[in-house]
Amino acid sequence: MSNDRETLARIEEVLERDIRPVLALHGGNIRSLSCEDGVYHFQLTGQCAGCPSADLTSEELVRSTLLEALPQLKDAVLTSNVSRELLDQARAILRGELP
């Protein structure tokens with residue numbers, strides 16, 4: 001449990017230094033929800049919240065940056081109010097596939 005608190009504190013440092021400035025350029029931000037058993041859960045806020053393309057891009061930015069900076073982290077998971085089906089359609093469009 002305290003290990004997760006320490007990891008969350010380190011996550012916040014990386015968010016402040018590397019991720020929030022990028023999200024702010026697009027009118028967005030990130031909210032930490034939890035970190036349990038090495039899995040970080042977050043939510044996007046501001047302009048990035050609810051946009052399938054922004055969610056996908058930001059999720060990849062957040063996940064790749066955090067996993068590189070914190071080897072003890074197993075995953076970073078976006079919690080979104082957008083349906084999984086809509087996100088899957090956005091991913092297919094971004095990959096050049098027809099939904």
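The values are calculated or read from the model by the stated rules, or taken from the named source; none is laboratory data. The model shown is predicted, which means the values in this text are computed figures rather than measured ones. Virtual Cβ from ideal backbone geometry, glycine too; neighbours counted across all protein chains shown. Side chains included, ligands, DNA and RNA excluded: accessible areas come from the protein's heavy atoms. Shrake-Rupley method; radii C 1.70, N 1.55, O 1.52, S 1.80 Å.
Values as computed for the structure displayed
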{"quantity": "Any hit, region 5-20, residues being under 21 Å from Leu94 (Cβ atoms) and at pLDDT 80 or above", "calculated": "yes"}
{"quantity": "Failed item, numbered, when Thr65 is tested on (1) within 15 Å of the chain's Cα centre (by Cα); (2) hydroxyl-bearing (Ser, Thr, Tyr); (3) modelled with pLDDT under 95", "calculated": "(3)"}
{"quantity": "Filter result (surrounded by 15 or more Cβ atoms within 10 Å (Cβ to Cβ) and modelled with pLDDT of 85 or more) within region 39-56", "calculated": "Tyr40, His41, Phe42, Gln43, Leu44"}
{"quantity": "Matching option when the condition is touching a residue at least 12 places away in the same chain (Cβ under 8 Å), open to solvent by 60 Å² or more (accessible area, probe 1.4 Å) and of a type in the set (Lys, Arg), among Arg17, Arg10", "calculated": "Arg10"}
{"quantity": "Residues satisfying the stated conditions in region 68-91, i.e. modelled with pLDDT under 85, among the aliphatic types (A, V, I, L, M) and open to solvent by less than 60 Å² (accessible area, probe 1.4 Å)", "calculated": "Val82, Leu87, Ala90"}
